[in-house]
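Taken together, the values in this text are just the output of simple stated rules run on the coordinates, not laboratory data. Given the structure is predicted, the values throughout are model-derived calculations rather than measurements. Every residue, glycine among them, receives a Cβ derived from its backbone with ideal geometry; neighbour counts consider all protein chains shown.
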Amino acid sequence: MHACGHDGHMAALLAAARILSDKRSEFKGRVKLVFQPGEEGAKVGDRMLEGGAVDDVDAIFVIHLWNEIEVGKVSVEAGPRMASAGLFKINVKGKGGHGSMPHQGVDAGLAGASILLNLQSITSRETNPLEAAVVSVGIFKCGESFNVIPGDAYLEGTTRCFSKEVNDSLEGQIRRIAESTAASYRAEADVEYRQIADPVINDTELSRIARNSVKSLMGEGANILFEKTMAGEDFSLYSRRTRSVFALVGTRNEKKHDFHPHHHSKFNIDEDALQIAAGLHAKFAMDFLNQQ
C-alpha cells in the first residue's frame, strides 16, 4: 500500500484537464499535464525528462496532497520545500575467521560499525551548522554465526538536505569516510551512490502567482506557512529543466477520519481536497499564462 496520496493527485489532474478544456477560451497559451509514474523510487523521472516531458514548457506547477495540513489550507511559499534524497550502499570486504582467533581474520563487522559511526561526522563536523542535513543508515548486515568473525558487511542508507552545495558534497564525503575507515581496519569498502531527488526549491515569482491563485479561489486565509520537510520528491528532477513551484494542499479532517500520517496503513484523506487541488491546478495555469 503506497498510502501517500498519489491516486488523489491523478484524480485532481484529470479534473483540472476537464476544467481547462471547458475554459479554453479564457486563457492564451498551452497547458501540458504531466503525471508522475514511479514517484517513490524516482526511477522513472529521469526517463520522463529524457523523453522531453517538460522541454517545451515555461514553468511547471505541482500539487502534493498533505495530511498534516487541514483541508481548505494551502502552503506554497517561496524557497526550500522538500529535501534532496540520496541513496548509498556500502559493501565492506574483510576476511572471515574464528571468533576465538580474531587476529587471523579481518573483521568486516567492526569496520562496518565504525563506518556507520563515522558517517555521522559529516553532519556534525563537515556541514555548515546553519544548513540542515541528514545521513542515516537504515540497513546494517553482517555475520551468520555467534562465533565467526564476519568477512563481509553491508550498509545502506539515505542522505537529505536543502542546499544544492551540501548535496553535491555528500557523495564524496561518504566515499572518503567509508574507504578510509575500512582501510584502517585492513578491510576494503566499495561505495555506490545514487541521487534520487534534488532539493525542491520554489521559484519566488511563481510562488507569488500561486499564492494569488489560492487567494482568488479560497480567500486570503487559505494561504498558510508550513515548515519545509526532509521528505524527498522526484518533482525536483523536472525543476532541472524549468522554473517550478510546489504546493502542499491540505487533506486533514478529523471530523471525517482519524489522522494518520503518509505511508501509514490507515492513511486516508478528506476527498473535498480533490476539488481544491483540481481548481488550483487550473487557476494557476490560467493565471500564469494570462500574465505572460
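What's the ranking of 114-126, 256-268, 228-240 by average number of surrounding C-beta atoms within 10 Å, highest first?
Final packing ranking: 228-240, 114-126, 256-268.
Highest mean first, what order results for 50-58, 181-189, 93-101 on Cβ atoms within 10 Å?
181-189, 93-101, 50-58
Take the chain, connect every pair of alpha-carbon atoms lying under 10 Å apart with a spring to form a Gaussian network, then pick out the residue of A85, A247, A17 with the largest mean-square fluctuation.
Sorting by GNM fluctuation, first place goes to A17.
Which is farthest toward the positive dipole end of the chain among T127, V31, I196, measuring Cα position about the Cα centre, with Cβ charges +1 (Lys, Arg) and -1 (Asp, Glu)?
V31
Can you compute the helix-only [θ] at 222 nm over the chain? Use -39500 (n - 2.57) per DSSP H run of at least 4 residues, normalise by all residues, nearest 500 deg cm²/dmol.
It lands at -10500 deg cm²/dmol.
Using every alpha carbon pair in region 85-197, what percent of pairs falls into each 10 Å bin from 0 up to the bin containing the largest distance?
All Cα pairs, binned at 10 Å, distribute as 15, 45, 26, 11, 3 percent.
Considering only Cα-Cα distances, which of the following residue pairs are longer than 28 Å: K73/K256; K89/K266; K28/K164; K228/K256; K23/K266?
K89/K266; K28/K164; K23/K266
What is the helix-to-structure angle for 108-119, meaning the angle in degrees between its Cα long axis and the longest Cα principal axis of the chain, kept from 0 to 90 and rounded to the nearest 10?
Tilt of helix 108-119: around 40 degrees.
Quick one: work out the % antiparallel among DSSP beta bridges in the chain, nearest 5.
75
Using per-residue counts of other Cβ atoms within 10 Å, averaged over each peptide, order 146-153, 74-81 from highest down.
74-81, 146-153
When Rg is the radius of gyration of the Cα atoms in the chain and Rh is its Kirkwood radius, what does Rg/Rh come to?
Rg/Rh for the chain comes to 1.09.
I need the calculated FRET efficiency for the pair A17 and E192, taking r as the beta carbon distance and R₀ as 41 Å, to the nearest 0.05.
Once the sixth-power term is evaluated, E becomes 0.55.
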